[in-house]
Amino acid sequence: PKQASAEWDEAVIRRLMDQQISIQRIQQDSQQLWISFPAISDQVTDETVEQLLPLSPFIAWLDLSDTQISAKALPTIAKMPAFEELNLRQTSIQAQDLAPLAQHKRIERLNLSGVSLDDTIVDLLGKMPNLQRVYLGGSQVSEAGIRRLSAPRIEVITEATPSEVISTDPNDVTD
């Protein structure tokens with residue numbers, strides 16, 4: 001019988017890296033992965049996201065910024081139990097597309113900068129049990145919506161953000 005393993009499948013990693021998908025460990029001795037698509041973002045589709053499912057127990061940071069994903073990718077992403085950070089910056093995702101993420105147990109940081117959103121996103125984001133920070137730069141979320149969102153526990157960042165969400169020092173602002 002096949003045993004459940006705390007190791008990822010190296011063949012899957014190699015196959016994805018052969019497609020120019022960037023896969024990095026978050027920390028040296030960690031099984032947690034950071035997956036991004038810097039070289040091929042304009043070619044990344046819903047099917048690309050499906051290919052990540054075998055690694056989903058290990059994906060902690062998923063950067064889908066500037067990709068071609070659609071609403072169809074969100075239920076797949078919602079099945080990834082381990083990620084804490086999701087970057088959907090500059091994608092064509094709509095507010096209703098994010099509904100599958102509403103009950104995601106682990107997501108803490110969500111980058112929606114440059115995504116065409118309005119106040120309809122506020123209630124959905126408010127339902128996310130562990131969401132701590134959301135980037136909404138370039139969205140049409142109103143000041144009232146932002147106040148409603150930040151009132152309970154969520155830090156809302158509305159200024160333009162750098163291409164990477166992940167920053168070692170949140171006070172490090174470069175021009």
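The values are calculated or read from the model by the stated rules, or taken from the named source; none is laboratory data. Small disclaimer: the values here were computed from a predicted structure and weren't measured. We place every Cβ from the backbone using ideal geometry, glycine too, and count neighbours over all the protein chains shown. Accessible surface areas use protein heavy atoms only, side chains included; no ligands, DNA or RNA. Shrake-Rupley method; radii C 1.70, N 1.55, O 1.52, S 1.80 Å.
Among the listed residues 42, 66, 29, 18, which satisfies the condition of being on the phi > 0 side of the Ramachandran plot and either over 14 Å from the mean Cα position of the chain (by Cα) or of a type in the set (D, E, K, R) (or both)? Can you show your working first?
Numbers: 42 fails: on the phi > 0 side of the Ramachandran plot; 29 fails: on the phi > 0 side of the Ramachandran plot; 18 fails: on the phi > 0 side of the Ramachandran plot.
Every option except 66 fails the conditions.
Go through region 38-74 and give me each residue that's of a type in the set (S, T, N, Q), open to solvent by less than 50 Å² (accessible area, probe 1.4 Å) and part of a helix (DSSP H, G or I).
Kept after step one, since they are of a type in the set (S, T, N, Q), are these residues of region 38-74: 41, 43, 45, 48, 51, 56, 65, 67-68, 70.
Checking which are open to solvent by less than 50 Å² (accessible area, probe 1.4 Å) leaves us with 41, 45, 48, 56, 65, 67, 70.
Result: 41, 48.
Select from region 125-136 the residues that are out of contact with any strand residue (DSSP E or B) (no Cβ under 7 Å at 6 or more places or on another chain) and either of a type in the set (Gly, Ala, Ser) or buried (at least 16 other Cβ atoms within 10 Å of the Cβ) (or both) and list them in ascending order. Steps first, please.
Keep residues of region 125-136 that are out of contact with any strand residue (DSSP E or B) (no Cβ under 7 Å at 6 or more places or on another chain), which gives 126-130.
Passing the criteria: 126, 128.
Taking the conditions exactly as written (modelled with pLDDT of 95 or more and not acidic (Asp, Glu)), does residue 62 satisfy them or not?
Working: modelled with pLDDT of 95 or more: yes; not acidic (Asp, Glu): yes.
The answer is yes for residue 62.
Which of the following residues is at pLDDT 95 or above, assigned to a helix (DSSP H, G or I) and touching a Leu at 6+ places or on another chain (Cβ under 9 Å): 35, 77?
Details: 35 fails: assigned to a helix (DSSP H, G or I).
Exactly one residue qualifies, and that residue is 77.
Just to be sure I understand, how many residues within region 9-38 are out of contact with any helix residue (DSSP H, G or I) (no Cβ under 7 Å at 6 or more places or on another chain), more than 20 Å from residue 85 (Cβ to Cβ) and of a type in the set (A, V, I, L, M, F, W, C)?
Of the residues in that region, 2 qualify.
Can you report the number of residues in region 18-40 which are closer than 18 Å to residue 76 by Cα and of a type in the set (Ser, Thr, Tyr)? Reasoning before the result, please.
Residues of region 18-40 that are closer than 18 Å to residue 76 by Cα, as a first pass: 21, 33-37.
So of that shortlist, the ones also of a type in the set (Ser, Thr, Tyr) come out as 36.
Selection size over region 18-40: 1.
Which residue is nearest to residue 90 (Cα to Cα), if the candidates are limited to region 17-32 and must be assigned to a loop (DSSP other than H, G, I, E, B) and touching a strand residue (DSSP E or B) at 6+ places or on another chain (Cβ under 7 Å)? Give the derivation first.
Pass one, region 17-32, residues assigned to a loop (DSSP other than H, G, I, E, B): 19-21, 26-32.
Filter once more, so that each one left must be touching a strand residue (DSSP E or B) at 6+ places or on another chain (Cβ under 7 Å): 21, 26, 32.
Working: 21: 18, 26: 23, 32: 25 Å.
The qualifying residue nearest to residue 90 (Cα to Cα) is 21.
Check residue 165 against each of (1) in a loop (DSSP other than H, G, I, E, B); (2) open to solvent by less than 90 Å² (accessible area, probe 1.4 Å); (3) at pLDDT 70 or above; (4) at negative phi and name the one condition it does not meet.
Among (1) in a loop (DSSP other than H, G, I, E, B); (2) open to solvent by less than 90 Å² (accessible area, probe 1.4 Å); (3) at pLDDT 70 or above; (4) at negative phi, residue 165 violates only (3).
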